[in-house]
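Q: For reference, the structure I am asking about is given below.
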Amino acid sequence: MNIRREPTYLSTEVWRALWLLSKAKSPEPNEGGHIVTADQMADDLLRETLKEKYPKLLEHQKAVEKLERELLKTL
């Protein structure tokens, strides 16, 4: 995942919901482990939605990536 300099617009309501979800998914600070951010929650939810509603988009991206790797080998 790439971190972009410019944030994606989220309404305050949606950002707050994602922030709360990320807090619920993260371990307590004294327990260690990976802290989940609101951005990661947004990415996970969008990925799930894309897989459910538009599975061909992700399949297409994988196919394009494979073709690009094959092209790079030949260059």
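The values are calculated or read from the model by the stated rules, or taken from the named source; none is laboratory data. What you see is a predicted model, and the numbers here were worked out from it, not measured in a lab. Glycine also receives a Cβ, built like all others from the backbone with ideal geometry; neighbour counts cover every protein chain displayed.
Q: Considering only residues of segment 43-60 that are under 18 Å from Leu18 (Cβ atoms) and surrounded by 11 or more Cβ atoms within 10 Å (Cβ to Cβ), which is nearest to the chain's Cα centre (by Cα)?
A: Top of the filtered list is Asp43.
Q: Another one. Within the group Val36, Val64, which residue is in contact (Cβ under 8 Å) with a residue 12 or more places away in the chain and on the phi < 0 side of the Ramachandran plot?
A: Answer to the selection: Val36.
Q: Mind listing whichever residues of segment 1-26 are in a loop (DSSP other than H, G, I, E, B) and either modelled with pLDDT of 85 or more or hydrophobic (A, V, I, L, M, F, W, C) (or both)?
A: Listed by number, the residues that qualify are Met1, Ile3, Leu10, Ser11.
Q: Right, another one. Is at least one residue of segment 27-36 surrounded by 10 or more Cβ atoms within 10 Å (Cβ to Cβ) and part of a helix (DSSP H, G or I)?
A: No: segment 27-36 contains no residue that is surrounded by 10 or more Cβ atoms within 10 Å (Cβ to Cβ) and part of a helix (DSSP H, G or I).
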